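Here's the structure, in structure tokens; my notes come after.
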Amino acid sequence: MKNVILDGMDKGEWYGRQALADICGVSRNLVNRLVVELVNEGLLVIRQESRGLEFGLAVTRSTATVQVAAPVQRAKIAPRAARPSIATGPYRPKWRPMKAYDRYARSHQQLCEEMR
């Protein structure tokens, strides 16, 4: 199945998980597992984009030499332990409402009325 993923990818192109699942015709969960294995084997490279992780082939061929596209990154996909939230008291802001603003607004209003 890994060969199907590698054969479906083009050099220099980046693919998301859903695109790889569509290319291979398998579930996204299977693609996630296979992609992590391919990254750990050094065959794929990960880059972080605003849409999420994207994957590309780790090696590109030029006319005469083989060049590494980017340093191999290990997959950092691990389950996180959930922590329960701690109940606290009611929310109290650390600032106090401005009391002087009301006085300033009233004095400004009086000044405007006098000017009329």
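Name the pairs whose Cβ atoms lie under 6 Å apart, with the first residue in segment 33-55 and touching a residue at least 40 places away in the same chain (Cβ under 8 Å), the second crowded, with 18+ Cβ neighbours inside 10 Å and assigned to a helix (DSSP H, G or I), and 6 or more positions between them or separate chains?
Qualifying pairs under 6 Å: Phe55/Val35.
From the residues in segment 12-56 that are under 14 Å from the mean Cα position of the chain (by Cα) and part of a strand (DSSP E or B), which one is nearest to Met1 (Cα to Cα)?
Within segment 12-56, the match that is nearest to Met1 (Cα to Cα) is Phe55.
Restricting attention to segment 51-75, which residues are at pLDDT 65 or above and surrounded by 10 or more Cβ atoms within 10 Å (Cβ to Cβ)?
The answer is Leu53, Glu54, Phe55, Gly56, Leu57, Ala58, Val59.
The values are calculated or read from the model by the stated rules, or taken from the named source; none is laboratory data. In this text the structure is predicted, and so the values were computed from the model without any measurement. Cβ coordinates were reconstructed from backbone atoms using ideal geometry, including for glycine residues, and neighbour counts include every protein chain displayed.
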